[in-house]
Amino acid sequence: MTDDRACEAAASRSLPPRGGNWIVQCDFDGTISTEDVTDSLLQRFGRDGWQALEDAWERGDIGSRECMKGQVALLDMDRRALDAHLDTLAIDPHFPEFVRTAHALGMPVQVVSDGIDHAIHHVLRRHGLGALPVIANRLVQTAPRGWQLQSPWASAACVRASGNCKCERLAEQKQRHDRVLFVGDGTSDFCVSGRADFVLAKHKLIGHCMANGIAHAAFTDFSQAALLLPHPSAVELAA
């Protein structure tokens, strides 16, 4: 094989296959948002003890669901302060265009996160994306400055003991669509990335995909990710 043909072959392996009925499932914290929203809330409003829970999770002593439930219970803020903080958080400025491109190609987009639903909805609405479906942990206010995290999407079978089992969310969509394109960035996306039909990866997820032979393409921002969306083939367009 010539060098040119070898390069073409390598490039073809780094792009999602064309055709099929695709859906996009996209992580939020660090993928759509430019920082981890839960971490920012804990750093701003968390009482003593949240870092110890984080350390226990990083050691593998507890799952992410137990960790986040305990951390959210340590948040000390009223709703006005919460929403004022969320107003300061940024997303990738190219994400709205990525969503428009996906929809133009007939690809639904879901936000699937092990983060906090209220925070995600609030931030997306500020950027004109309030209609996007969001599957995440549920934030419940229990007192003027008290909060509880509920996990309606948890699974006893989740190997990460997450509040939202992304692998189950992907399996649900595999029953409705031919293919799932997963977009993510970090350790909470490691398990599900091996089950997707293709992965758009950044940050830590790139190395995980490379080390485990997972079909993927790396991206830095959503302007690049939009160019990697699987377009219909010429045969399908002519049909």
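Axis angle, to the nearest 10 degrees, between helix 117-126 and the longest C-alpha principal axis of the chain: 60 degrees.
Magnitude of the charge dipole for region 18-238, about its Cα centre and with charges confined to Cβ atoms of Lys, Arg (+1) and Asp, Glu (-1), is about 500 debye.
The distance linking region 187-224 with region 28-103 is 21 Å (Cα centroid to Cα centroid, whole angstrom). Spin-label model, Gln150 to Gln175: label points 7 Å out along the Cα-to-beta-carbon direction sit 2.3 nm apart. How many percent of Cα pairs in region 55-128 exceed 15 Å? For region 55-128, the fraction of Cα-Cα distances above 15 Å is 68 percent. Annotated for the chain: lysine pairs at least 8 residues apart or interchain, Cα distance under 19 Å, count 4. The residue list Thr31, Val134, Leu124 was ranked by how far each Cα lies along the charge dipole of the chain toward its positive end, using unit charges on Cβ atoms, and Val134 comes out on top. The calculated P(r) of the chain, using every Cα pair and 5 Å bins from 0, goes 1, 6, 13, 17, 19, 16, 12, 7, 4, 2, 1, 1, 0, 0 in percent. Computed over Cα pairs, the Kirkwood radius of region 1-140 leads via Stokes-Einstein (1.002 mPa s, 20 °C) to a diffusion coefficient of 123 µm² per second. With contacts taken as Cα pairs under 8 Å and at least 6 residues apart, region 14-165 reaches a relative contact order of 28 percent.
Note on the chain: GNM, Cα springs under 10 Å; of Pro144, Pro108, Pro133, the largest mean-square fluctuation is that of Pro144. When the chain is treated as a GNM, springs tying every alpha-carbon pair under 10 Å, which of Ala90, Ala225, Ala56 comes out with the largest mean-square fluctuation? Checking each option, the largest mean-square fluctuation is seen for Ala56.
Please give the FRET efficiency for Thr34 paired with Arg79, using the beta carbon to beta carbon distance and R0 = 25 Å, rounded to the nearest 0.05. For R0 = 25 Å, the calculated efficiency reads 0.60. Taking Met77, Met107, Met68 in turn, the Gaussian network model of the chain (Cα-Cα springs below 10 Å) assigns the largest fluctuation to Met77.
No lab work stands behind these numbers, since they all come straight from the coordinates. Quick caveat: nothing in here was measured; it's all calculated off a predicted structure. Glycine also receives a Cβ, built like all others from the backbone with ideal geometry; neighbour counts cover every protein chain displayed.
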